[in-house]
Amino acid sequence: MLRHIVLVTFKPEATSEERAALRAAVEGFRDSVPEVRALECGDNVGKGPNHHDFAVVADFDDMAAFRRYIESDAHKAYVAGPAKAVARLAAIQHEI
């Protein structure tokens with residue numbers, strides 16, 4: 001199994017609607033991308049200088065499945081649309 005973790009910091013001008021659209025798009029991966037085995041996401045409830053605003057944890061069978069997810073129409077639409085509200089992100093993939 002492969003775990004994909006993403007930490008998102010929104011642009012300061014990102015609206016609550018844009019943030020909600022990003023979350024809805026991410027949650028939609030569960031149903032629209034068969035390679036996604038499990039997915040959890042949520043808003044940061046802490047505060048700190050190194051904190052991000054939103055996190056995603058998704059599991060895939062292997063790196064090939066993860067690459068298919070990245071190339072999926074759903075992920076491409078996310079990047080072209082809701083992800084425009086992102087100022088920066090950190091991502092990692094690791095074996096579990």
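Side notes on the structure shown:
- Segment 68-96: number of residues that are out of contact with any strand residue (DSSP E or B) (no Cβ under 9 Å at 6 or more places or on another chain) and not β-branched (Val, Ile, Thr): 12
- Restricting attention to segment 49-88, the residues that are more than 12 Å from Phe29 (Cα to Cα), free of Cβ contacts under 8 Å to residues at least 12 places away in the same chain and not basic (Lys, Arg) add up to 7.
- Conditions (1) in contact (Cβ under 8 Å) with a residue 12 or more places away in the chain; (2) closer than 17 Å to Ala91 by Cα; (3) not hydroxyl-bearing (Ser, Thr, Tyr): number failed by Ala21: (2)
- When residues of segment 24-39 are limited to those that are in contact with a strand residue (DSSP E or B) (Cβ under 8 Å, 6 or more places away or on another chain) and either in contact (Cβ under 8 Å) with a residue 24 or more places away in the chain or among the aliphatic types (A, V, I, L, M) (or both), the one farthest from Asp62 (Cα to Cα): Val26
We did not get these values from a lab; they are worked out from the coordinates using the rules stated. Fair warning: this is a prediction, and the values are worked out from it, not measured in the lab. In this analysis, Cβ positions are derived from the backbone assuming ideal geometry, glycine residues included, and neighbour counts consider all displayed protein chains.
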